[in-house]
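What follows is a single structure, written as structure tokens, with notes after it.
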Amino acid sequence: MVSEPVTGAWRAPDHPGRRQWATGGPIRTEAGGLLPAFSLAYETWGTLNSDASNAVLAEHALTGDSHAAGPAGPGHVTPGWWDGLIGPGKALDTGEFFVVVPNVLGGCQGSTGPSSPDGDGKPWGSRFPSLTTRDLVAAETMLADTLGIERWAAVVGGSMGGMRALEWAVTWPSRVGALLVLASTARASAEQIAWASPQLHAIRSDPAWHGGDFYDAAEGPHRGLGIARRIAHVTYRSEPELAERFGRQRQPDGRFAVESYLDHHADKLVRRFDAGSYVVLTESMNAHDVGRDRGGVAAALSRVTARTIVAGVDSDRLYPLAQSRALAEGIGGEAAVVSSPYGHDSFLIETDQISALVKTLLN
């Protein structure tokens, strides 16, 4: 078996793949931290029209990246996470729209994050500042300005991507024409924060964590990151699906089949993601609250002027359907239901249903 890498982050001089980069800074974070300069990796599909009116921003979830469409290949260890939605004739038709997908600030697939070098050439590690959803959108605002996009035709995203999509529409109402929020919420709930807590503890309790400064060590905190992924993945799927697929089946080695399934997903993640980014971005999700310093959630949602669809998944136990319905009601947008046995991950799996929502939004 190939040994686990210290980090699964993209790091120069790795192959760039389809990535492009935009740079900006300084950025002062909500918590008072400072990034003197930063880069966002991004990918685009389609062509921006003459008045820049056909641009769509697609926001990835926690362990996603800029590679939303296309096969795995040099620079991209996994195929596009929304490949069924982006391309000629698809819901995000690249013959009509210019689709932009950035890797989030704090991420690990080309954008500035804990694994990135700071001004002295050393990885940021434990010195990387805490981020909020608002900080992530502030960085993406720089990208939009760099690309000459004053107003997005639509901003779409699920889970953590839905948080950023919503924050865009609240922070910059005039810059978002249409909004699709999938399997997300206006603010993180106590239960969502509680599910995140053991994941963060698992990473920080790994002896190879070294307080976040592990990048030059012989071994990274892959055990802690793998445990975090196992915990998270259970919340991403539904109990009926796990029961149907695995039941109490055992493998020849004695392990339950469902345990092997979780092991597989943990092993995949540690080879393509970074423990430092996992901590920073999970904490940004915990801090998510569109109503903070805006007079509360209701006041914040009243700022949204975009044509809006909010869709929840009927089997989602991490971001329950009731949260999506409350969000749609607060905005005054359309509430929709994705019917699926696959739980929270349905926004990545149910291509036909998500495509129908995107087409409704854009038409």
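The values are calculated or read from the model by the stated rules, or taken from the named source; none is laboratory data. Since the structure is predicted, the reported quantities are computational estimates derived from the model, not experimental observations. A quick note on method: Cβ atoms are made from the backbone with ideal geometry, for glycine too, and the neighbour counts reach across all protein chains shown. Ligands, DNA and RNA are excluded from the accessible area calculation, which covers all protein heavy atoms including side chains. Shrake-Rupley method; radii C 1.70, N 1.55, O 1.52, S 1.80 Å.
What ranking do 211-217, 353-359 get when scored by the average of other Cβ atoms within 10 Å per residue, highest first?
Ranked by mean Cβ neighbours within 10 Å, highest first: 353-359, 211-217.
Can you give me the % of accessible surface on region 84-156 that is carbon or sulfur? Probe 1.4 Å, all protein chains present, nothing else counted.
49
Toward the positive end of the charge dipole of region 1-86, about the Cα centre and with charges on Cβ (Lys, Arg +1; Asp, Glu -1), which of Ala37, Thr63, Pro79 goes farthest?
Farthest towards the positive pole: Ala37.
Using mean Cβ contacts within 10 Å as the protection proxy, how do 160-172, 134-146 order, highest first?
Ranking, from highest mean packing down: 160-172, 134-146.
Go ahead and run the numbers for FRET between Thr23 and Asp118, Cβ-Cβ distance against an R0 of 22 Å, rounding to 0.05. Write down the numbers at each step before the final one.
Numbers: r = 14 Å, r/R0 = 0.64.
Rounded to the nearest 0.05, the efficiency is 0.95.
Once fully extended, how much extra length lies between Arg11 and Glu96, figured as 0.36 nm per residue of separation less the alpha-carbon to alpha-carbon distance?
Length gained between Arg11 and Glu96: 27.3 nm.
Per residue, how many Å² of accessible area does the chain show with a 1.4 Å probe?
Accessible area per residue: 40 Å².
Roughly how far apart, in whole Å, are the Cα centres of region 148-186 and region 214-292?
Computed from Cα coordinates, the inter-centre distance equals 27 Å.
Leaving out ligands, DNA and RNA, what percent of the accessible area of region 176-293 is carbon and sulfur, probe 1.4 Å?
That share works out to 53 percent.
Could you identify which residue out of Gly343, Gly254, Gly84 has the top mean-square fluctuation in a GNM of the chain using Cα springs shorter than 10 Å?
Of Gly343, Gly254, Gly84, the Gaussian network model singles out Gly254 as fluctuating most.
Taking a label point 7 Å from the Cα of Ser174 along the Cα→Cβ vector, which residues of region 284-307 have an amide N closer than 15 Å to it?
Answer for region 284-307: 304-306.
Accessible surface of Phe256 in the full protein assembly, 1.4 angstrom probe, to the nearest 10 Å²?
50
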